1. For the list (1) aliphatic (A, V, I, L, M); (2) within 13 Å of G187 (Cβ to Cβ); (3) in a loop (DSSP other than H, G, I, E, B), I need the number of the one condition that A95 fails.
2. How about segment 30-44: which of its residues are surrounded by fewer than 17 Cβ atoms within 10 Å (Cβ to Cβ) and in a loop (DSSP other than H, G, I, E, B)?
3. Looking at this structure, is R105 in contact with a Lys or Arg (Cβ under 9 Å, 6 or more places away or on another chain) and either surrounded by fewer than 15 Cβ atoms within 10 Å (Cβ to Cβ) or more than 26 Å from I169 (Cα to Cα) (or both)?
4. Tell me which residues, restricted to segment 136-160, are hydrophobic (A, V, I, L, M, F, W, C) and either under 15 Å from the mean Cα position of the chain (by Cα) or surrounded by 15 or more Cβ atoms within 10 Å (Cβ to Cβ) (or both).
5. Anything in segment 96-144 that is among the hydroxyl-bearing types (S, T, Y) and farther than 17 Å from I85 by Cβ? List them, or say none.
6. Report, ordered by the first and then the second residue, all pairs with beta carbons closer than 6 Å, sequence separation of six or more or different chains, a first member in segment 45-62 that is farther than 16 Å from I22 by Cα, and a second member that is assigned to a loop (DSSP other than H, G, I, E, B) and β-branched (V, I, T).
Amino acid sequence: MIHDGTTYDLTGPEDAPVVVLIHGLGLTRAVWQWLLPDLTKFRVLTYDLIGHGETAPPAGDPTLKDLSDQLAHLLDHLQIDKAAIVGFSLGGMIARRFAQDHRDRTTALVVLHSAHTRTEKQQAAILYRVNQAEAEGPEATVDLALQRWYTDHAQANRPDLMALTRSWILANKREVYVKLYRILAHGVDEIVA
């Protein structure tokens, strides 16, 4: 389904507690497909972030607040008052920003593999990746992303999963990917300030 340019899926019993799953940079809502069978007792909302998957690209330079607002507008449209918010990587930053902006709408917060603070060395590394993506596109960062996100065992034994994740990342348009990568690089300051 699509609302205001945002593509989403809403599954599960209508009267069940709502869980929102927010994917990371370069991915799509499909990344949660393996978790959904374990969440059948919940109403689960997955959606594609601005400029990802089947969701429209941003009109300008989006901010972390814009990504939080995207979720708030989607929940409003779906008439969902409260939800447990789960986010991976950039999705974790969005989840935290949403919880800060909408404490009364957040029943639980789960943050997966998402930076809280960074050392100077870690910040320099992510800024280097942003510059690589700007110069060469998503393909410049895909291998490092797979190494960060997946265990050595998964990388060696799940070529299908590696290929699928790679395809999601490579499907991103360079200019949009870079804009959101900048949010990943600098959004930490916004949520811990």
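1. Looking at each condition in turn, A95 falls short on (3).
2. Q33, W34, L35, T40, K41
3. It is true that R105 is in contact with a Lys or Arg (Cβ under 9 Å, 6 or more places away or on another chain) and either surrounded by fewer than 15 Cβ atoms within 10 Å (Cβ to Cβ) or more than 26 Å from I169 (Cα to Cα) (or both).
4. Answer for segment 136-160, where residues must be hydrophobic (A, V, I, L, M, F, W, C) and either under 15 Å from the mean Cα position of the chain (by Cα) or surrounded by 15 or more Cβ atoms within 10 Å (Cβ to Cβ) (or both): A140, V142, A145, L146, W149.
5. T117, T119, Y128, T141, listed by residue number.
6. P58/I50; P62/I50
Only the coordinates and a few stated rules stand behind these numbers; no lab work does. Just so you know, these numbers come straight off a predicted model, no measurement behind them. No Cβ is skipped: glycine too gets one built from the backbone with ideal geometry, and neighbour counts run over all protein chains shown.
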